[in-house]
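The structure appears below as structure tokens.
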Amino acid sequence: ERLRPGDPIGVALITGDLSLGATGTVTEVDGDRVYAFGHPFYNVGPTRFPMTRAYVHAVLPSLLNSIKLSSIGEVIGTIQQDRATAVAGTLGAGPRAITVNVSLDRAGRPRRTLTFRVADDPMLTPLLIFTALFNTFASHERDYGAATYALRGRMAIRGQADVELDEIFVGDQAGVIAAAAVVAPLSALLNNDREPIDVESLD
């Protein structure tokens with residue numbers, strides 16, 4: 001069913017085994033163009049965020065600050081503008097995203113594998129991947145206290161050699177440091193001043 005003014009709509013930042021995004025309300029639909037929220041998301045200007053359907057589970061009314069409990073659904077287009085007055089995009093195929101595969105190995109436990117797709121945005125992607133990795137580590141391993149993390153990985157970049165990651169982290173917050181160590185080279189690549197970089201996947 002086509003979107004109509006008043007329908008819920010979502011903006012996805014992370015999808016897959018971890019879901020992170022925002023939901024709001026459709027303001028207007030003009031052909032394949034969609035205007036929504038009536039306020040900014042992050043007010044970052046041009047964007048390439050997946051536009052999704054959304055479902056509102058409940059409304060919690062309050063004279064101070066009413067909120068909705070909602071979830072994002074399937075991708076139905078691309079949010080291309082995030083401005084002071086609205087977010088706007090087009091219906092159709094969603095934008096490219098960065099696939100992140102995480103495998104957790106620990107002696108005496110079966111391997112855990114998680115996959116999620118992260119919105120491709122030079123400013124937000126590093127923060128989103130840090131959030132995803134840190135929450136994965138915190139959910140499945142020790143969050144605080146002495147620990148050792150052996151991190152091995154590969155960042156696939158279109159038209160360039162892969163970036164190899166191979167480090168060991170020890171300390172009271174090894175998971176935080178390990179997640180930051182993945183994001184540091186990623187952030188440098190995405191925000192370099194020489195040429196645009198397309199990160200295809202992170203394993």
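The values are calculated or read from the model by the stated rules, or taken from the named source; none is laboratory data. All of these numbers come straight from a predicted model, not from anything done at the bench. Because the Cβ atoms are built from the backbone with ideal geometry, glycine has one as well, and the counts that use them run over all protein chains shown. These accessible areas exclude ligands, DNA and RNA; they are computed on the full protein's heavy atoms, side chains included. Shrake-Rupley method; radii C 1.70, N 1.55, O 1.52, S 1.80 Å.
Candidates Arg112, Arg33, Arg106: the one that is more than 27 Å from Val199 (Cβ to Cβ) and free of Cβ contacts under 8 Å to residues at least 40 places away in the same chain is Arg106. Here is the figure for the range 12-48: residues that are touching a Pro at 6+ places or on another chain (Cβ under 7 Å) and of a type in the set (A, V, I, L, M, F, W, C) total 3. Pairs meeting the criteria (first residue in the range 173-194 and closer than 15 Å to Ala132 by Cα, second residue among the acidic types (Asp, Glu), beta carbons under 8 Å, at least 6 apart or on different chains) are Gly175/Glu141; Gly175/Asp143; Ala178/Glu167; Ala181/Glu167.
Scanning the range 183-203 for residues that are open to solvent by less than 40 Å² (accessible area, probe 1.4 Å) and not in a helix (DSSP H, G or I) gives Ile197, Val199, Ser201, Leu202. The combined condition, being outside any strand (DSSP E or B), more than 24 Å from Val199 (Cβ to Cβ) and either charged (D, E, K, R) or in contact with a strand residue (DSSP E or B) (Cβ under 6 Å, 6 or more places away or on another chain) (or both), is not fulfilled by Arg53. Being open to solvent by 60 Å² or more (accessible area, probe 1.4 Å) and of a type in the set (A, V, I, L, M) holds for only one residue in Ala146, Ala174, Ala178, and it is Ala146.
For the range 33-48, state whether one or more residues are in contact with a strand residue (DSSP E or B) (Cβ under 8 Å, 6 or more places away or on another chain), over 21 Å from Thr85 (Cβ atoms), open to solvent by 40 Å² or more (accessible area, probe 1.4 Å) and not small (Gly, Ala, Ser). Scanning the range 33-48, I find no residue that is in contact with a strand residue (DSSP E or B) (Cβ under 8 Å, 6 or more places away or on another chain), over 21 Å from Thr85 (Cβ atoms), open to solvent by 40 Å² or more (accessible area, probe 1.4 Å) and not small (Gly, Ala, Ser), so the answer is no.
Against the definition (among the aliphatic types (A, V, I, L, M), surrounded by fewer than 20 Cβ atoms within 10 Å (Cβ to Cβ) and either within 12 Å of Gly89 (Cβ to Cβ) or touching a residue at least 24 places away in the same chain (Cβ under 8 Å) (or both)), how does Val56 come out, yes or no? The answer is yes for Val56.
Close contacts from the range 142-169, counting a first residue that is in a strand (DSSP E or B) and a second that is among the polar types (S, T, N, Q), with Cβ to Cβ under 8 Å and a gap of 6+ residues or different chains, come to Met155/Ser201; Ala156/Ser201; Ile168/Thr148; Phe169/Thr148. For the range 84-132: of the residues being assigned to a loop (DSSP other than H, G, I, E, B), open to solvent by less than 40 Å² (accessible area, probe 1.4 Å) and among the aliphatic types (A, V, I, L, M), which is farthest from Leu3 (Cα to Cα)? Filtering first and then ranking leaves Leu124. Take the residues of the range 33-55 that are of a type in the set (D, E, K, R) and at pLDDT 95 or above: which is nearest to the chain's Cα centre (by Cα)? In this case the residue turns out to be Arg53.
Residues of the range 94-110 that are within 21 Å of Ala179 (Cα to Cα) and under 14 Å from the mean Cα position of the chain (by Cα): Ala97, Ile98, Thr99, Val100, Asn101. Take Thr15 and tell me if it is assigned to a strand (DSSP E or B), out of contact with any helix residue (DSSP H, G or I) (no Cβ under 7 Å at 6 or more places or on another chain) and over 21 Å from Ile129 (Cβ atoms). Answer is no for this residue. Would the range 135-149 turn up any residue that is modelled with pLDDT of 90 or more and of a type in the set (A, V, I, L, M, F, W, C)? No, because not a single residue in the range 135-149 is modelled with pLDDT of 90 or more and of a type in the set (A, V, I, L, M, F, W, C).
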